[in-house]
Amino acid sequence: MHDPDCLFCKIIAGQIPSRKVYEDDEVLAFHDIHPGAPIHFLMLPKKHIPSLAHVQAEDAGLIGRMMALAPKLALEQGCNPYPTGGFRVVVNTGTEGGQEVHHLHLHVMGGPRPWLKG
């Protein structure tokens, strides 16, 4: 499923360039254009799902695969290993939840944060 008016669907289709981190038949990951952390990329299903609120039971395998892939990609992008390093995954859902592009996507963020003391 594809939405011709969706920014992320256009990126998936190659109509808008991105700095790709990963791509397969179901998932695309690329660097965020306004990073909120030293390492910040987005992971999204190629299937147009407007938000986490729209995920159905048949999407469970896809969402699970994305969550399992996030740690691997985070390490490849330079996040330090758990437990002293790490990353976070954020899924904004709906306008009130801070979602700006209405195509489900995971923000994967990490990297050194000198202001945080462990």
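The values are calculated or read from the model by the stated rules, or taken from the named source; none is laboratory data. The structure presented is a predicted model; accordingly, all values stated were derived computationally and were not measured. Every residue, glycine as well, gets a Cβ built from its backbone with ideal geometry; the counts of neighbours run over all protein chains shown.
The C-beta contact set for the stretch 79-101 (first residue in contact (Cβ under 8 Å) with a residue 12 or more places away in the chain and among the hydroxyl-bearing types (Ser, Thr, Tyr), second residue surrounded by 12 or more Cβ atoms within 10 Å (Cβ to Cβ) and part of a loop (DSSP other than H, G, I, E, B), distance under 9 angstrom, 6+ apart or interchain) comprises 93/51; 93/99; 93/104.
For the stretch 19-60, a residue qualifies if it is crowded, with 19+ Cβ neighbours inside 10 Å and without any contact (Cβ under 8 Å) to a residue 24 or more places away in the chain, and the qualifying residues are 28, 30.
For the stretch 95-109, the set of residues classified as surrounded by 13 or more Cβ atoms within 10 Å (Cβ to Cβ) and either part of a loop (DSSP other than H, G, I, E, B) or modelled with pLDDT under 95 (or both) consists of 99, 101, 102, 103, 104, 105, listed by residue number.
State whether the residues of the stretch 67-85 include one that is among the hydrophobic types (A, V, I, L, M, F, W, C) and either more than 13 Å from the chain's Cα centre (by Cα) or at pLDDT below 95 (or both). Looking for residues that are among the hydrophobic types (A, V, I, L, M, F, W, C) and either more than 13 Å from the chain's Cα centre (by Cα) or at pLDDT below 95 (or both), one finds at least one in the stretch 67-85, hence yes. Residues in the stretch 12-28 that are more than 10 Å from residue 46 (Cα to Cα) and hydrophobic (A, V, I, L, M, F, W, C): 16, 21.
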